[in-house]
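Working notes, structure below.
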Amino acid sequence: MPLAIPEIRNRIGVLTLDDPERRNCLSREMLGDITAALVQFADTEDLRVVVLRARPGAKVWSAGLDVKSLPEPGRDPLDYTDPLEHVIRQVEHFPAPVIAMVEGGVWGGACDLASICDLVIGCETSAFAITPAKLGVPYNCSGILHFLNLLGPRVAREMFFTADPIKADRALQVGILNHLVPVAELESFTMTMAMRIAENSPLAVGVIKEQLRILARSHPVSPDTFERIQALRRIVFESADYVEGKRSFLEKRKPVFTGAGRQVV
């Protein structure tokens, strides 16, 4: 059985994350199913919107990247070829709007996935946390840029530095959520908005989506700057803290980070 279940409802593709035993973690299997479903939707004639959701009543929309899949020290845990990065690019480049319908907590890499959706609609149980600092993982440039564009530097810094969850009411205030509605109305509200989008010109909507993506990424970075960023990230994924982050998570204990290693200069 697939872990992400696709269906089509009147020009709207609905993709349901369906691995409750693992709290919809973004395992390689889950990411593979999401990729396949998005390809199917992209090939579906006259499909105009996608809704990405969890099962009704979910306490966790997604627990984020499967920590067991993190590579050993010395290898970039979030390089360009990583399956999560591939899915995020699929959502960014999907020819129609993608709406995240969020019930429950959204953690780690799933927070990045939700943030890159074109719209996010949540309920009172929604909460968002970006957690690489709890795992000793250096986040990649594209992911950090997603949050800078969405939240601005001050809120982005708070989320990355503390790794604390932002609850639904504040998520609406800072711009993570477009709308906050009662859980009983979440599906009907989201599908009504999806239908309103589907009634507009798909060509115009698709072109505007792509223009917004291009303009949001129009920040030039010199080769020298990019190389320095990669060198900074390497300090982390070659460190003892990186090993401790993964080990403590799997052992279900609080990590003990030392920060030992080269200084950031």
Residue hits (the stretch 115-130; of a type in the set (A, V, I, L, M), without any contact (Cβ under 8 Å) to a residue 60 or more places away in the chain and outside any loop (DSSP other than H, G, I, E, B)) are ILE116, VAL120, ALA127, ALA129
Check the stretch 63-86 and report whether any residue there is within 23 Å of CYS141 (Cβ to Cβ) and assigned to a strand (DSSP E or B). yes
Identify, by number, the condition in (1) modelled with pLDDT of 95 or more; (2) more than 15 Å from the chain's Cα centre (by Cα); (3) polar (S, T, N, Q) that ASN24 doesn't meet. (2)
So, of the residues in the stretch 54-112 that are without any contact (Cβ under 8 Å) to a residue 40 or more places away in the chain and acidic (Asp, Glu), which turns out to be surrounded by the fewest Cβ atoms within 10 Å (Cβ to Cβ)? GLU72
The stretch 131-170 - residue that is part of a helix (DSSP H, G or I) and among the polar types (S, T, N, Q) and, of those, nearest to the chain's Cα centre (by Cα): SER142
When only residues in the stretch 183-220 that are among the aliphatic types (A, V, I, L, M) and more than 23 Å from the chain's Cα centre (by Cα) count, which is nearest to ARG48 (Cα to Cα)? ALA198
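The values are calculated or read from the model by the stated rules, or taken from the named source; none is laboratory data. Here the structure is a predicted model, which is why all the values come from computation and not from measurement. As a convention, Cβ positions derive from the backbone with ideal geometry for all residues, glycine included, and neighbour counts pool all protein chains shown.
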